[in-house]
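See structure below.
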Amino acid sequence: MSSTDEVNAFLQSQGAKAFPFENVGDAVSGIIIDMAMRQQTDINTGEPQFWADGSPKRMMVLTLQTELQADENDDGIRSVYLRGGNYTVASGKGTSSLTALRDALRAAGVKELETGGKLALAYTGTGTKSNNAFTAPKLYSCKYEAPTRNVSVDELF
């Protein structure tokens, strides 16, 4: 990406509200308008996180155009943060948000996530704590619909 492209992308970017997933049963759905990979940060210090081998811990950030509107200035754009993990279900059902997305792609019969696709993500359960100092992990279920394509007659022949 050229520096001009990078500057313009930065100017056009806008922060989206994160969907909070506060209670089991909370769910959000919308059309994917942006996808990005980011480095995970420590929830307390904000410092970047790394694996034991020194490589950065990554997460996927999907930005959705939803029908949510908290007030008249709310554009309905929400971000969801997807991370991996292998959790044992303590209550409810589900998996890590990243595993839930992978399962949804398989169920939709597609291999890749696309801008324009519809995503529904729900907080459906709680995992077993791996450490008493941490909160229990949230578990998710997900559904994905690939964007529809209009095909011209010329493309058929």
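Laboratory data are not the source of any read-out in this text; all were calculated from the coordinates shown. Since the model is a prediction, treat every value here as computed from it, not as a measurement. Here the Cβ is made from the backbone with ideal geometry for all residues, glycine too, and neighbour counts use every protein chain on show.
Can you say whether K129 is in contact with a Ser or Thr (Cβ under 9 Å, 6 or more places away or on another chain), touching a residue at least 60 places away in the same chain (Cβ under 8 Å) and among the basic types (K, R), as far as the supplied structure shows?
Working: in contact with a Ser or Thr (Cβ under 9 Å, 6 or more places away or on another chain): yes; touching a residue at least 60 places away in the same chain (Cβ under 8 Å): no; among the basic types (K, R): yes.
For K129, the condition - in contact with a Ser or Thr (Cβ under 9 Å, 6 or more places away or on another chain), touching a residue at least 60 places away in the same chain (Cβ under 8 Å) and among the basic types (K, R) - is not met.
Restricting attention to region 14-29, does a residue exist that is exposed (fewer than 10 other Cβ atoms within 10 Å of the Cβ) and more than 26 Å from T126 (Cβ to Cβ)? Outline the logic, then answer.
From region 14-29, those exposed (fewer than 10 other Cβ atoms within 10 Å of the Cβ) are 14-15, 22-23; that's our starting set.
Those left that are additionally more than 26 Å from T126 (Cβ to Cβ): 14-15.
Yes, some residue in region 14-29 is exposed (fewer than 10 other Cβ atoms within 10 Å of the Cβ) and more than 26 Å from T126 (Cβ to Cβ).
Give region 63-111 a look and list any residue that's outside any loop (DSSP other than H, G, I, E, B), of a type outside the set (A, V, I, L, M, F, W, C), under 30 Å from T128 (Cβ atoms) and within 13 Å of the chain's Cα centre (by Cα), or say none. Write out each step before concluding.
Going through region 63-111, the residues outside any loop (DSSP other than H, G, I, E, B) turn out to be 63-65, 77-82, 89-92, 95, 97-108.
From the residues that got through so far, the ones that are of a type outside the set (A, V, I, L, M, F, W, C) too are 63, 65, 78-79, 81, 91-92, 95, 97, 99, 102-103, 106.
Okay, now just the ones that are also under 30 Å from T128 (Cβ atoms), so 78-79, 81, 91-92, 95, 97, 99, 102-103, 106.
Selection gives R78, S79, Y81, S97, T99, R102.
From the set of residues in region 112-139 that are among the small types (G, A, S) and not in a strand (DSSP E or B), which is farthest from S29 (Cα to Cα)? Spell out the reasoning first.
Residues of region 112-139 among the small types (G, A, S): 116-117, 120, 122, 125, 127, 130, 133, 136.
Now restrict to residues that are not in a strand (DSSP E or B): 116-117, 130, 133, 136.
Values: G116: 12, G117: 11, S130: 30, A133: 32, A136: 24 Å.
Here the residue is A133.
Taking T128 and the conditions (1) in contact with a Leu (Cβ under 6 Å, 6 or more places away or on another chain); (2) farther than 23 Å from Q65 by Cβ, which numbered condition does it fall short on, given that it satisfies the others?
All conditions pass for T128, except number (1).
Could you tell me whether region 32-48 includes any residue that is under 18 Å from A122 (Cβ atoms), surrounded by 12 or more Cβ atoms within 10 Å (Cβ to Cβ) and in contact with a strand residue (DSSP E or B) (Cβ under 6 Å, 6 or more places away or on another chain)?
Step one: filter region 32-48 for residues under 18 Å from A122 (Cβ atoms), giving 32.
Checking the rest, the ones that are also surrounded by 12 or more Cβ atoms within 10 Å (Cβ to Cβ) come to 32.
Keeping just the survivors that are in contact with a strand residue (DSSP E or B) (Cβ under 6 Å, 6 or more places away or on another chain) gives 32.
Yes, because at least one residue in region 32-48 is under 18 Å from A122 (Cβ atoms), surrounded by 12 or more Cβ atoms within 10 Å (Cβ to Cβ) and in contact with a strand residue (DSSP E or B) (Cβ under 6 Å, 6 or more places away or on another chain).
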